[in-house]
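The values are calculated or read from the model by the stated rules, or taken from the named source; none is laboratory data. None of the values given here were measured: they were computed from a predicted structure. Methodologically, a virtual Cβ is constructed for each residue, glycine included, from the backbone with ideal geometry; neighbour enumeration extends over all protein chains shown. Only protein heavy atoms, including side chains, enter the accessible area calculation; ligands, DNA and RNA are left aside. Shrake-Rupley method; radii C 1.70, N 1.55, O 1.52, S 1.80 Å.
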Amino acid sequence: METKTIPLTSSELGESGGITGYASTKNQIDSLGDMIVDGAYGDLEKFLKQGFVTVSHDTKSAPIGYILEAKEDAKGLWVKMAFHSTPAAQQVRTVLLERLKAGKDVGLSIGYLAKKWTFESLEGQRVRVLREIELKEFSIVMMPAAPDATVISGKWDESHMLADLTILTTLEELHPSRLSRLNTKQSTHDFAH
């Protein structure tokens, strides 16, 4: 599975909270030399039914949320998700919303299988043009490769912010094994679209 990363935003999604944002942008060359084109996102109904939300593409741990909406627009893949009520999901939600409230960036990234692509010379570089992908998941990440792959909004209840919780300083603290992968080349990596 491959991944693409982008920045994040807040919505009214009830007690467990949720986010909206662009999980991917299109028609832009990303930092790894890929570009998703119009119509490449594939079967969004299947993605809504089978897709899930993780932290840093950690598919070995339980998902932290589920996808409520996914649509392709002129900018890319807009998503709306809700967090699960599990302690791990709520810890991620707390960190994410504290970062947003403080004006800090939070990124999103898609996990997908490339189905159809071509290689083209664009802007003086060899670019893999993704013409069809099969979306599997999207992740909350701290280092999106595309500047517009971000959270746009988040929902939280101030009373929960003051509860007796262990507040994490970064999302990576939830999955320390992910830190060692940040600067390594693997078939699964984070970058923005």
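Being touching a residue at least 40 places away in the same chain (Cβ under 8 Å) and either under 14 Å from Ser24 (Cα atoms) or out of contact with any Gly (no Cβ under 9 Å at 6 or more places or on another chain) (or both) is a property that Glu134 has. Within the stretch 78-121, being part of a helix (DSSP H, G or I) and either aliphatic (A, V, I, L, M) or within 13 Å of the chain's Cα centre (by Cα) (or both) holds for Ala88, Ala89, Val92, Val95, Leu96, Leu97, Leu100. Within the stretch 77-123, being in contact with an Asp or Glu (Cβ under 7 Å, 6 or more places away or on another chain) and open to solvent by less than 60 Å² (accessible area, probe 1.4 Å) holds for Val79, Lys80, Ser109, Gly111, Tyr112, Ala114.
The residues of the stretch 36-67 that are touching a Leu at 6+ places or on another chain (Cβ under 8 Å) and crowded, with 21+ Cβ neighbours inside 10 Å, listed by number, are Ile36, Ala40, Tyr41, Phe47, Gly51, Val55, Ser56, Ile67.
From Lys60, Lys49, grab the single residue that is among the basic types (Lys, Arg), part of a loop (DSSP other than H, G, I, E, B) and either at pLDDT 90 or above or within 15 Å of Thr150 (Cα to Cα) (or both). It is Lys60.
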